[in-house]
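Any read-out appearing in this document is the output of simple, stated calculations on the displayed coordinates, not a laboratory observation. Computed from a prediction, not measured in an experiment: that's the story for all the values here. FYI the Cβ positions are ideal-geometry reconstructions off the backbone, even for glycines, and counts take in every protein chain you see.
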Amino acid sequence: MHPNSEAPRPCTSDESVSAPHWPTILPGSTVGILGGGQLGRMMVLAGRRMGYRFATMDPTPDSPAGQVSDIQVVQDFTSVHGARELARHSDVITYEFENVDSGVASLLEGEAYVPQGSRLLFLTQHRLREKRAVTAAGATVAPYYPVASRRDFFQGLSELGYPSILKTCVGGYDGKGQWLVQTEDDAEQVWAEIGHRFFRTSAPPDDASPSADAFLVLEQMVPFERELSVVVARNPRGQICTFPVAENIHRNHILHLSIVPARIPEETARRACDVATAIASHLNLVGVMGVELFQLEDGRIFVNELAPRPHNSGHFTMDACATSQFEQHIRALCNLPLGAVELWSPVVMVNILGEHVAAVNSALAEMPDCVKVHYYGKAEVRNGRKMGHLNVLGATVEDAMAAISQLGIWPE
């Protein structure tokens with residue numbers, strides 16, 4: 001293990017839970033999943049080993065999760081009919097990405113067993129609501145300013161300064177829906193380019209007030225030293241566990257590497273896990289959640305985003321931990337005791353994008369035995385699309401990084 005890695009953290013109990021009143025969903029039951037992507041696929045594969053059956057709802061026939069499920073409901077995520085069909089087949093329902101229609105999730109919450117509920121979706125689908133929830137949990141976010149008008153935008157810049165990042169409040173991932181503003185000229189250009197997209201008229205109002213319903217949010221670009229993440233799990237009985245902290249490196253706004261254990265002091269790792277635990281408790285999380293963090297140069301930790309489902313940076317757990325994030329999610333969802341989360345081996349996860357597939361396939365015959373290959377079963381290969389990942393184990397993270405470099409697939 002890296003000398004600065006944190007010691008294994010035992011699961012804790014959330015004292016806000018007064019009595020065990022949630023049902024336990026036993027093996028043999030059917031888990032319904034809203035969404036059919038790779039996260040759902042890996043959830044199904046982990047749950048099958050535990051004896052569960054699965055139904056998925058996704059508009060794509062033969063979706064990655066649908067390929068390994070017992071039942072596929074091929075319907076759009078906004079389909080009430082499809083949601084009710086999923087509920088008819090399912091003993092418990094979860095979601096595998098946060099852009100599921102919250103109205104459908106709310107409907108299911110009233111007609112089926114959805115232990116995660118719809119509130120967490122409602123909060124995390126809107127950046128301002130999410131930031132306010134994180135702050136209410138006692139964590140810190142980068143300074144921000146709601147933008148409901150041109151006036152808000154320039155007032156926010158005067159308060160936050162340059163550089164800042166303008167982001168959509170709804171949607172956006174892997175860098176989409178974000179605009180870097182480094183100068184006054186940038187500000188005029190960005191607003192001219194995108195301001196009219198988010199308002200009903202071609203001329204955005206100058207007199208609207210900042211509100212939770214703002215379409216955009218301006219964030220101060222903080223001088224972070226590292227991007228970190230913690231996958232935290234909580235079950236309905238209030239048991240909480242955090243996986244080891246991952247250090248994340250992005251390329252073109254897409255996660256490239258997750259290095260575990262993160263190359264940070266033990267105290268920083270402890271604080272990162274404490275932040276994730278506090279948020280999970282405050283939000284009454286059920287399942288696993290990815291908490292993305294910025295470690296600033298002065299040691300402070302800011303929360304960047306929440307992902308209320310298994311997280312790309314948690315894929316290392318599939319080969320390097322006693323329990324994977326996907327098994328943990330099923331355990332939590334079904335109100336089983338959470339699994340142990342200690343790290344068995346230093347590991348580096350590297351994403352396989354569409355442009356890497358041919359090279360990875362060519363290297364498979366000579367792949368070192370420390371490399372674990374995971375493909376997602378996606379039919380169409382496209383540049384920038386996540387097609388799979390490698391988990392590379394090593395005596396140290398430096399050894400794992402060297403093994404990735406020797407493959408020659410990802411330029412330094």
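Observations
- For the chain, the cysteines with no partner cysteine C-beta closer than 4.7 Å are CYS169, CYS273, CYS321, CYS334, CYS370.
- For the stretch 50-107, a simple Cβ point-charge model (Lys and Arg +1, Asp and Glu -1, everything else neutral) yields a dipole of about 200 debye relative to the Cα centre.
- With the charge dipole of the chain set up from +1 on Lys and Arg Cβ and -1 on Asp and Glu Cβ about the Cα centre, the Cα lying farthest toward the positive end among the listed residues VAL232, GLY35, SER345 is that of GLY35.
- Taking every alpha-carbon pair under 8 Å whose residues sit at least 6 apart, the stretch 347-407 reaches a relative contact order of 48 percent.
- For the residues GLN189, GLN38, GLN325, a GNM of the chain with alpha-carbon springs under 10 Å puts the largest fluctuation on GLN189.
- Counting only chymotrypsin sites (Phe, Trp or Tyr not before Pro) that DSSP places in a loop and that have at most 14 other Cβ atoms within 10 Å, the longest clean stretch of the chain runs over 1-172.
- Compared with the alpha-carbon gap, the fully stretched path from THR183 to ASN252 is longer by 22.7 nm at 0.36 nm per residue.
- Dipole moment magnitude, nearest 20 debye, the chain about Cα centre, only Lys, Arg, Asp, Glu C-beta charged: 1000
- Using only side-chain charges placed at the Cβ, +1 for Lys and Arg and -1 for Asp and Glu, the dipole size of the stretch 347-407 relative to its Cα centre rounds to 360 debye.
- If you bin all the Cα-Cα distances of the stretch 214-275 at 5 Å, starting from zero, the percentages per bin are 4, 14, 20, 20, 17, 14, 9, 3, 0.
- Segment THR140-CYS11, extension gain: residue separation times 0.36 nm, minus the distance between their alpha carbons: 44.1 nm
- Between ARG151 and ARG48, full extension at 0.36 nm per residue minus the direct alpha carbon distance yields a gain of 31.7 nm.
- Here the contact order of the chain, divided by its residue count and restricted to Cα pairs under 8 Å and six or more residues apart, works out to 17 percent.
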